[in-house]
Amino acid sequence: MLNENMKAIRKSKGLSQEGLAVKLNVVRQTISKWEQGLSVPDSDMLISISEVLETPVSVLLGETVIETEVDDLKVISEKLEMINLQLAQKKDARRKIFRGLLILLCTAIVTISVFLILLKSSYLNWGQNDPETVIAGAAFHAFEWLFVRLAPVIFIGAIVGIFMTRKKV
């Protein structure tokens, strides 16, 4: 809500993101993040935005009710808290997905490694007389060669990633 209102009001005032950023003494990317809903301004900055856009904070937050200043600050605080909670939930969901993909990658590496060990692969002792098995043997050899060299590095990186994305208490 804040991001959409801020963008609409900024455009209605004929201001670019860069122009608003200059007036607020921030970089344009900060304005972009606010308007995309990736982050929210703190309460002091929200007041500065309302002054630059000549719009009450309550309108920026989506309300048209005129209340006393103390009530406005309380409403602003509650809305910012709710927005921050939503952003935290999105970040946590992305972290969980990334962690799940890393775990899946580790599982795939272990599964392929077990498969190669069980085959006792020397390129499966395929006969090199048949052209079809020569091609399949060469392809399998290329996969095995690449896997044996890259898998340990990827596996260690994935394990480190799993530990780095764990939820900190």
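Just so you know, all these numbers are worked out from the coordinates, no wet-lab data involved. Note that the structure is a prediction, hence the values are computed from the model and not measured. Here Cβ is always computed from backbone atoms with ideal geometry, including for glycine, and neighbour counts include all displayed protein chains.
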Under 14 Å from the 7 Å Cα→Cβ point of K33, by amide nitrogen: which residues of segment 80-114?
84, 87-88, 91
Per the rule of 0.36 nm per residue minus the C-alpha distance, extending R95 to A136 adds in nm 10.8 nm
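Cut-off is 10 Å between beta-carbons; in what order do T133, T107 appear when sorted fewest neighbours first? Don't skip to the end; give the middle numbers.
Details: T133 15, T107 11.
If I rank by nearby Cβ atoms, fewest first, I get T107, T133.
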Which entries of K7/K168; K74/K168; K33/K96; K74/K167; K11/K79 have Cα-Cα distances beyond 27 Å here?
K7/K168; K74/K168; K74/K167
In whole Å, largest first, the alpha carbons of the chain cover along the principal axes 87, 38, 24
Say each of V75 and I47 gets a label point 7 Å from the Cα, pointing the same way as Cα to Cβ; how far apart are those two points in nm?
1.7 nm
Divide the volume of the convex hull of the Cα atoms of segment 2-66 by its number of residues and quote the answer in cubic angstrom per residue.
73 Å³
Can you compute the helix-only [θ] at 222 nm over the chain? Use -39500 (n - 2.57) per DSSP H run of at least 4 residues, normalise by all residues, nearest 500 deg cm²/dmol.
-25500 deg cm²/dmol
